[in-house]
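> One structure, as structure tokens, below. Some questions next.
What follows is calculated from the coordinates using simple rules that are stated; it is not laboratory data. Fair warning: this is a prediction, and the values are worked out from it, not measured in the lab. Cβ atoms come from the backbone with ideal geometry, glycine included; neighbour counts cover every protein chain shown.
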Amino acid sequence: GESVGLHLPTLSVQEGDNSIINCAYSNSASDYFIWYKQESGKGPQFIIDIRSNMDKRQGQRVTVLLNKTVKHLSLQIAATQPGDSAVYFCAEDNYGQNFVFGPGTRLSVLP
Amino acid sequence: DAGVIQSPRHEVTEMGQEVTLRCKPISGHNSLFWYRQTMMRGLELLIYFNNNVPIDDSGMPEDRFSAKMPNASFSTLKIQPSEPRDSAVYFCASSPTGDTNSPLHFGNGTRLTVT
């Protein structure tokens, strides 16, 4: 598959460890945030979302944290597995019209 | 449950040729988005439709790019004439609502190479 962003920040974690991927967003009025996972040769895939009236939301092995004060979003992956290796994007709603995507972070899981 | 379907998966063409990318959104979704992904600029919104009507095309790079949605189940993105700088992966995405209250569902993209 193609390379998505050769100059992306990369996070390398040991298999079984927890991963934390961070994202700074720009619009303090954004009401809805999404994390996507993109594997090589595929489109972005929805992982988890959160609305601005929440600080934390949990899914299966994933947790999203929202800090509106500093406009920061994070994705935590518990017990990281080789299949979690991918590029992860945060997205924020753009005045309720569409979504703006962050630059992405490449997660590399080491055996 | 079929997701968003894009064709072709890969397109290689020469500069100056016309290129047409196709997208079939998820049935019942009434919003459709075209994004372009490059190493330098990441994911950029080109245009989006609500109920087949173009709402915002401010992301379309120039007049060489055009998009249509003749019905709820089909959209095209056309580049004429194509240039090497158009080389990128083009994604189509659909959403069940006409706003940002639900996530986008992406296809697997068309990788365009213009030589």
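> Based on the mean of other beta carbon atoms within 10 Å per residue, what is the order of A:86-94, B:2-10, most packed first?
Details: A:86-94: 22.8, B:2-10: 14.2.
Those peptides, ordered most packed to least, come out A:86-94, B:2-10.
> Tally the DSSP beta bridges in chain A and give the antiparallel ones as a percent, rounded to 5.
In chain A, approximately 85 percent of DSSP beta bridges are antiparallel ones.
> Then there is this: Restricting to Cα atoms and excluding each atom paired with itself, what does the Kirkwood estimate give for chain B in Å?
Hydrodynamic radius (Kirkwood, Cα pairs) of chain B is 14.0 Å.
> Still on this model: For the stretch B:1-66, what is the relative contact order in percent, using Cα pairs closer than 8 Å and at least 6 residues apart in sequence? Each step should come with its number before you reach the end.
Working: 75 pairs, mean separation 13.7, N = 66.
Relative contact order of the stretch B:1-66: 21 percent.
> I want to check the label-to-label distance for residue A:78 and residue B:74. Put each point 7 Å from Cα in the C-beta direction and report it in nm to one decimal.
4.8
> Sticking with this structure for a sec: Rounded to whole Hz and in sequence order, give me ³J(HN,Hα) for the stretch B:4-20 from the Karplus expression 6.51 cos²θ - 1.76 cosθ + 1.60, θ = phi - 60°, writing x for Gly and Pro.
Here the 3J(HN,Hα) series is 6, 10, 10, 8, x, 6, 9, 9, 10, 9, 8, 3, x, 7, 8, 10, 10 Hz.
> Roughly how crowded by other chains is peptide B:84-94, in terms of the mean Cβ count from those chains within 10 Å of each of its Cβ atoms? Walk me through the intermediate numbers first.
Values: counts 0, 0, 0, 0, 1, 5, 0, 4, 1, 4, 0.
Per-residue shielding by partner chains comes out at 1.
> Quick one: Debye curve from the C-alpha atoms of the protein assembly as shown, no solvent, what's log10 I(q)/I(0) at q = 0.09, 0.15 Å⁻¹?
Log-scaled intensity ratios, in q order: -0.37, -1.00.
> Per the Kirkwood treatment, what hydrodynamic radius in Å, one decimal, follows for chain A from the mean inverse distance over all distinct Cα pairs? Let's see the in-between values first.
Details: mean 1/r = 0.0704 Å⁻¹.
It is 14.2 Å.
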